[in-house]
Each structure stands twice: as structure tokens, then as C-alpha cells.
1. So the check is Cβ under 9 Å with 6+ separation or different chains; which pairs have a first residue in the range 140-151 that's open to solvent by 30 Å² or more (accessible area, probe 1.4 Å) and a second one that's at pLDDT 95 or above and outside any helix (DSSP H, G or I)?
2. Which ones in the range 215-224 are among the aliphatic types (A, V, I, L, M) and in contact (Cβ under 8 Å) with a residue 40 or more places away in the chain?
3. So residue 252 passes all but one of these: (1) outside any loop (DSSP other than H, G, I, E, B); (2) buried (at least 21 other Cβ atoms within 10 Å of the Cβ); (3) under 18 Å from the mean Cα position of the chain (by Cα). Which condition number does it fail?
4. Could we say that residue 160 is under 30 Å from residue 281 (Cα atoms) and of a type in the set (Lys, Arg) here?
5. Give the range 175-197 a look and list any residue that's open to solvent by 10 Å² or more (accessible area, probe 1.4 Å) and either closer than 17 Å to residue 258 by Cα or polar (S, T, N, Q) (or both), or say none.
6. Would you please list the contacts, defined by Cβ atoms under 8 Å and residues six or more apart or on different chains, that run from a residue in the range 225-245 that is open to solvent by 30 Å² or more (accessible area, probe 1.4 Å) to a residue that is among the acidic types (Asp, Glu) and within 12 Å of the ligand (Cβ to nearest atom)?
7. So, residue 341, is that one within 24 Å of the chain's Cα centre (by Cα) and loosely packed, with under 14 Cβ neighbours inside 10 Å or not?
Amino acid sequence: MDRRRFLKVAATGAVGAAALSVAGCEQAGVMPPGQVEGAVSEDSSLPAIEWQMATSWPPALDTIFGGAQTVAKRVEAMTQGRFKIEARAAGELAPGLEVLNVVEEGAVPIGHTASYYYVGKSPITAFGTAMPFGLTSRQQDSWLYEGGGLEMLQEVYAEKFNTIQFPAGNTGVQMGGWFNKEINSVADMEGLKMRIPGLGGQVMDRLGVTVQVLPGGEIFQALQTGAIDAAEWVGPYDDEKLSFHKAASFYYFPGWWEPGPSLEIQINLDEWNKLPEQYQEVLKTAAYAANATMMARYDAKNPAALSRLINDADITMLPFPDDVMKAAEESAFELFDERAAGDADFASIFKEWSAFRTAIQSWHGLAERGYLQYVGQSR
Ligand code: CA
């Protein structure tokens, strides 16, 4: 893109807006809404665009729905209001688990969602969010941005879903969720009805769990009424907001199926191709901003929520028993081999992903883990 030209246009727009604003105030005292914007658009070669964004999230979650809002706010700020995106709650433009479907059809130009909600369409969508026993948030970003992961996934998204996607948020290692009874061994998982999406759900299925996928806004009621026995969402801050501690007593960790899940914006490819190159760059940059901001927000908000849950809620917090972790890990890697045998795209991405995972876990297992282990046990 011609970056110098873009900066010049952007600067002219800002100066124009300021000058008009002063003139308007002097003449009429009050600026009619939209007057400045219209004037700027007339001066600019960049089009005025308004998009509605479908999301999978309840707006009460300023963390995850906040990721969608960050994208919208950054895009609007970087285009002096010429490119507007409105993030809409799950269910307003599309059901929470059908965002990719409406983006693929072109009914909605952009969505913010978790790609693994769509593993039924293709197992490769799991890589876009999280693989069980996979990558932490930093490792996931490293693989997507610098390890070739995003490029590989974008090729498949373009071909299969007529969509282009960019990471736009991460939660960090999740909690293992809420259970209405204590889990002492893998045998206690048998017959449980649990809300858990993605390949993690398919692993749970192999452990005898009856798996359901519900959008975030529908979990509490299902757990409280006993329609399900267990549910996972994200971690202390979100889970407390959704009141899961009032519906189940046992809170497990870690969420081995989501060690660093990415959320993403998904854009219909025809709509993407119609955008000026400058707006494409703005969207990419806004997605980067959302990716960093969401992770920082979760890390800033989770500690206090964890403390409240430990001190004020009548719950028991426990690690998954070792045999659950081992059985899950074994089932996960069996599942990966089966998916690779049945899907050529999955096989080729899995090969690259596995090599990346082995290498980065070896590196992070040294200084990173050594440091965290030390400070975790010291004052
Ligand atoms: Ca989760």
C-alpha cells in the first residue's frame, strides 16, 4: 500500500474536521450530528462504509465482547469515522454459534467468534482457536504470526468458507470448568452432560462425556436447571460474571483443551476484496490491537475475580486428577491422528503445528518455566 499517501489523506481529514468543527460552532453554536463527517468524506478519496459485525458473545463480557468492540473502535479512529463497524451481541444478527455461516454467505460482512465452534464444517478450524494440549497464548500468536500458521489457515478459509480471518483476542490458559460433583478419577466423567466445544469436546466424548455446545449466554440456565452437569467457559472473571459459581460447586483446572485460544475476526472474502487497501491494513491493525488488549484485560481482571471466588463463593477449586489428564492427552493425540488420516488439510497443518509445538515447548520449558516455577513458590 502507498503508506505515505494514506498518512497524508488521514492528516488532511483530521485538520479538515477540526477547522469545520470550529467554523460550525461559531456559526450555529451547535454542530448538527454528521455534518463534519459528511464534509470529510467529500474531501477524501476513501469511501464511507458502515458494517454490522455478528459476534458469538453476550455484551456483558467486556473481555471477549470487548475484543469485538476494540476492532470497531480502532477501525473508526484510524479512518476518522469513515469506516464504521458496529459489534452486535450474539443472537442479534446470527445465533452465537453461526457467525461463520452468515459471514460465509455474505449476509453479514464481518464476525467476531471462535473458529472451533465450526469444527463440524472442517476440523482445521480447531487450529484457529485451540488444540487440546496445544499452545499457550504466546505460543499461539508466535505460530500464527511468525510460524506460518495464519497463512496456512487463511488458504483453507478462503477455499472452504470464502472468508479471511485474523486473530483478534486471546483468553490465556482457561479453567477446566464447573462440575456439579467431585471428579476423583476418569471413571467419574462417564455419563456427565457437559458444555464444551471444539476438539476438546470430541476428546471428552471419548472419555464417556455427553457433549453439548451452547453459546456463552445460554450456559448458566442449562447448568442451573440441571439440563447439563458441567460446563466450561473461560476463567474466573467471565465465569463469575456469568454466575456459574451459583449453579455448580466444583471448579476444576486447568482447561487442557484451551491453553491459549485465539478469537478471530472473520470477513467475507468478496467484501474484503472490495475494501480499499488502506482499509484492509486498518482492519489488520485493529485486529492486532484487539488481540493484545483482550489478553491484557483477562490477565488484569482474572486475579481479583479468582480471589473473590476463593474467599466469597461456596465452591471447591481442584486440579483435574492425573488419570483424567493422562487419559485426555492420550485420547487427544489419537483423535489428531484420526483427523489427519481423514482430512488432507488437517494432516498438512498438523505436521507443521506439531513441529512448532515441540520446538517452542522445549524453549519455553527452560527459562520461561524455570522462572515461573521459582517466582510461583517464592515470596
Ligand atoms: Ca472455553
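1. 141/135; 141/167; 141/170; 141/260; 141/262; 142/135; 145/167
2. Of the range 215-224, the ones among the aliphatic types (A, V, I, L, M) are 219, 222-223.
The answer is 223, and nothing else.
3. The failed condition is (3).
4. Numbers: under 30 Å from residue 281 (Cα atoms): yes; of a type in the set (Lys, Arg): yes.
Spelling it out, residue 160 is indeed under 30 Å from residue 281 (Cα atoms) and of a type in the set (Lys, Arg).
5. 175, 180, 184, 185, listed by residue number.
6. 245/239
7. Details: within 24 Å of the chain's Cα centre (by Cα): no; loosely packed, with under 14 Cβ neighbours inside 10 Å: yes.
The answer is no for residue 341.
So that you can scan it fast, the table gives a plain yes or no per residue for (1) out of contact with any helix residue (DSSP H, G or I) (no Cβ under 6 Å at 6 or more places or on another chain); (2) open to solvent by 10 Å² or more (accessible area, probe 1.4 Å); (3) modelled with pLDDT under 95; (4) among the β-branched types (Val, Ile, Thr):
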{"residue": "67", "(1), (2), (3), (4)": "no, no, no, no"}
{"residue": "80", "(1), (2), (3), (4)": "no, yes, no, no"}
{"residue": "104", "(1), (2), (3), (4)": "no, yes, no, no"}
{"residue": "112", "(1), (2), (3), (4)": "no, no, no, no"}
{"residue": "121", "(1), (2), (3), (4)": "yes, yes, no, no"}
{"residue": "124", "(1), (2), (3), (4)": "no, no, no, yes"}
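The values are calculated or read from the model by the stated rules, or taken from the named source; none is laboratory data. No experiment lies behind these values; they were computed from the predicted model shown. With ideal geometry, Cβ positions are generated from the backbone for all residues, glycine too; neighbour counts draw on all protein chains shown. Heavy atoms of the whole protein, side chains included, go into the accessibility calculation; ligands, DNA and RNA do not. Shrake-Rupley method; radii C 1.70, N 1.55, O 1.52, S 1.80 Å.
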